[in-house]
Ligand SMILES: [Ca+2]
Ligand SMILES: [Ca+2]
């Protein structure tokens, strides 16, 4: 990725062409010649009442006669150009007076060697709208794909064409020629803007994250991810994806903590297990460790075993695995969780291995007297009379006696 950016930068420096190249901002009418097929009429005016950029736009009014359905009817304006080598797109604003199904806006290129190319833009929207046309969108008059070097473009014409007797009027403003130096189909200008938007969005996300508003942070990280994707920065997109997932995990964890505080232990355990699953996927062993402790406490409180860590219940679906780190990294994380978490799990429940410790018919259960002692011990721990460490130590001693 970095190599690609470096190449892109080098290419830009080597070319040092203006991007965008302003072919015409239509602040004057100069440089264009009128062009019209036989029987068609054309009127060009500078429109100071309607502009999208600057103070004016060009207004093209074409009148098409009867008999257009039998031949080509077009009218517009044309100018000679050169130096398009290194460019890849046209971009301009258009504003048709009315949506028209029988007329189109057409860009026509005269290419060296007597070749020509057309690109048609339907007039199906009114109001100013931005149109971007790639040089690869141009076709021959027989609708065949054409291949040419942008440096071979000799003239550009902006035309209105129709197959019906009618008057068509359109305003055009800010005709640009744009580059795509990394060849990903997105103009460099847009990538710069998108990167800027992505950086702003990332800052917002970070701020929410720091304020522990994980819901909003998640939303912004997801938005930022798609902006980086559009800008072609896969590395940052992946990082944002991970951040968004981190927020999801933290939201689950928060919910678990809240349920725990409200003594809704069943909900707390479920939420901790969901959070644990997310943190395992993220490879955050610190959080997995903290959650294992909480689950241990809850098990002691409720007498119910927690489900083992994900590594013991099987791998999560492939689509939810983190894309970074590779399978080896994930395997290591799962292995560690299996060893650490599994160890904790085995130790905690090696005695009451059955899911329902209340059932007193199980042969492995402690005697009634011992069960009563364990219950008392748990109560002392829950009411804070003894530390967790002491509780575990005494529990081990009691279990060791059986
Ligand atoms: Ca203008
Ligand atoms: Ca690009």
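So the values come out like this:
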{"item": "One residue from 222, 270, 202 being under 11 Å from the mean Cα position of the chain (by Cα), surrounded by 16 or more Cβ atoms within 10 Å (Cβ to Cβ) and farther than 30 Å from residue 84 by Cα", "result": "222"}
{"item": "Meets criteria (out of contact with any strand residue (DSSP E or B) (no Cβ under 7 Å at 6 or more places or on another chain) and either surrounded by fewer than 20 Cβ atoms within 10 Å (Cβ to Cβ) or touching a residue at least 60 places away in the same chain (Cβ under 8 Å) (or both)) for residue 149", "result": "yes"}
{"item": "Positions within region 191-211 being without any contact (Cβ under 8 Å) to a residue 12 or more places away in the chain and more than 17 Å from residue 241 (Cβ to Cβ), in sequence order", "result": "192, 193, 196, 200, 203, 207, 210, 211"}
{"item": "Residue list for region 232-241, restricted to those being in a helix (DSSP H, G or I) and surrounded by 19 or more Cβ atoms within 10 Å (Cβ to Cβ)", "result": "236, 237, 240, 241"}
{"item": "All strands (runs of 3 or more DSSP E) inside region 1-110 with 1 or more residues being under 35 Å from the mean Cα position of the chain (by Cα) and modelled with pLDDT of 95 or more", "result": "21-24, 89-96"}
{"item": "Among the residues listed as 106, 165, 100, the single one being crowded, with 21+ Cβ neighbours inside 10 Å and within 19 Å of residue 73 (Cβ to Cβ)", "result": "100"}
{"item": "Residue list for region 149-185, filter: more than 16 Å from ligand 1 (Cβ to nearest atom), in a strand (DSSP E or B) and under 32 Å from the mean Cα position of the chain (by Cα)", "result": "178"}
{"item": "Residues satisfying the stated conditions in region 251-285, i.e. in contact with a helix residue (DSSP H, G or I) (Cβ under 6 Å, 6 or more places away or on another chain) and not in a helix (DSSP H, G or I)", "result": "283"}
{"item": "The one condition in (1) away from ligand 1 (no atom under 16 Å from the Cβ); (2) surrounded by 18 or more Cβ atoms within 10 Å (Cβ to Cβ) that residue 90 fails to fulfil", "result": "(1)"}
{"item": "Test: residue in region 134-144 that is within 11 Å of residue 90 (Cβ to Cβ) and either within 16 Å of ligand 1 (Cβ to nearest atom) or part of a loop (DSSP other than H, G, I, E, B) (or both)", "result": "yes"}
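One line per residue, one yes/no per condition, for (1) touching a residue at least 40 places away in the same chain (Cβ under 8 Å); (2) within 16 Å of ligand 2 (Cβ to nearest atom); (3) farther than 15 Å from residue 31 by Cα:
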{"site": "44", "(1), (2), (3)": "no, no, no"}
{"site": "48", "(1), (2), (3)": "no, no, yes"}
{"site": "53", "(1), (2), (3)": "yes, no, yes"}
{"site": "63", "(1), (2), (3)": "yes, no, yes"}
{"site": "72", "(1), (2), (3)": "yes, no, yes"}
{"site": "76", "(1), (2), (3)": "yes, no, no"}
{"site": "81", "(1), (2), (3)": "yes, no, no"}
{"site": "85", "(1), (2), (3)": "yes, no, yes"}
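The values are calculated or read from the model by the stated rules, or taken from the named source; none is laboratory data. Nothing here was measured: the structure is a model prediction, and the numbers come from that model. In this analysis, Cβ positions are derived from the backbone assuming ideal geometry, glycine residues included, and neighbour counts consider all displayed protein chains.
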